[in-house]
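Novice: Here it is, the structure, as structure tokens.
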Amino acid sequence: MRPGDARCSVLDGSLAVATRTYEQQRSYQSLERRRDARNGVLLMAYGAAGALLVWRATRPGTGRD
């Protein structure tokens, strides 16, 4: 969709279910980007925490029994 376009179709698969204006589409895409960024940060933190736990669990002992 380009700034000169008046409306765009909202698709569910290949079926058009609604239309949006350019501003509505920009707003929706911005919201999706924020959600994707948040989910990416959460998944990265979850993975880092898991890697830390695995690293701690597989370290050689300190020599104490």
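Novice: At a 1.4 Å probe radius, carbon and sulfur cover how many percent of the accessible area of the chain? Intermediate results must be reported in sequence, preceding the final value.
Specialist: Details: 3300 of 5940 Å².
Reported share for carbon and sulfur atoms: 56 percent.
Novice: Next question, about the same structure. What ³J(HN,Hα) values, in whole Hz, does the Karplus curve 6.51 cos²θ - 1.76 cosθ + 1.60 give for segment 19-29 when θ = phi - 60°, with x put for Gly and Pro?
Specialist: Listing the rounded values in order: 10, 9, 7, 4, 5, 5, 5, 4, 4, 5, 5 Hz.
Novice: Pop a pseudo-label 7 angstrom from the Cα along the beta-carbon direction at both Leu53 and Cys8 and give the gap in nm to one decimal.
Specialist: Placing both labels 7 Å beyond Cα along the Cβ direction yields 3.9 nm.
Novice: Could you calculate the FRET efficiency of Tyr22 with Met44 from 1/(1 + (r/R0)^6), where r is the beta carbon distance between them and R0 is 35 Å, rounded to 0.05? Please list the in-between numbers first.
Specialist: Details: r = 33 Å, r/R0 = 0.93.
Efficiency computed from Cβ-Cβ geometry: 0.60.
Novice: Could you give the size of the charge dipole of the chain about its Cα centre, using +1 on the Cβ of each K and R and -1 on the Cβ of each D and E, expressed in debye and rounded to the nearest 20? Walk me through the intermediate numbers first.
Specialist: On the way: 11 positive and 6 negative charges, 48 e Å.
The dipole magnitude comes to about 220 debye.
The values are calculated or read from the model by the stated rules, or taken from the named source; none is laboratory data. On a predicted model such as this, the values are computed, not experimentally measured, just so you know. Positions of Cβ are backbone-derived with ideal geometry, glycine not excepted, and every protein chain shown enters the neighbour counts. Just so you know, the surface numbers come from the protein's heavy atoms only, side chains and all, with ligands and any DNA or RNA stripped out. Shrake-Rupley method; radii C 1.70, N 1.55, O 1.52, S 1.80 Å.
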